[in-house]
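**Student:** This structure is in structure tokens; I'll ask about it shortly.
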Amino acid sequence: MEIDLSPLQGTMNEMAINLVKVLGIPFIVAMFIGLLLERVKVPKKIVSFICIVILLTGCYQMIIRID
């Protein structure tokens, strides 16, 4: 017995795209800024804290602005 999930395909695709928007974009931005700060020789603990704050703030902003 198989379950037909084809009617949910559009919804699932939209959810996957929204998940990438909410988590992926802030993660890439936080990683990029973290690498830039490490190149400038900022201490590792400060870089980690800044990256966490950027990631959480970015995720929050993306959730607020999601369609």
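Taken together, the values in this text are just the output of simple stated rules run on the coordinates, not laboratory data. Quantities reported herein were computed from a predicted structural model and do not represent experimental measurements. When we count neighbours, we look across all protein chains shown, and the Cβ atoms used for this are built from the backbone with ideal geometry, even at glycine.
**Student:** Give me a count of the residues in segment 36-62 that are part of a helix (DSSP H, G or I) and surrounded by 12 or more Cβ atoms within 10 Å (Cβ to Cβ).
**Tutor:** 16
**Student:** Considering only segment 1-32, state which residues are part of a helix (DSSP H, G or I), among the aliphatic types (A, V, I, L, M) and farther than 29 Å from residue 52 by Cβ.
**Tutor:** Correct list: 8, 12.
**Student:** Taking the options 34, 10, 24, 58, name whichever one is in contact with a Cys (Cβ under 9 Å, 6 or more places away or on another chain) and not hydrophobic (A, V, I, L, M, F, W, C).
**Tutor:** 34
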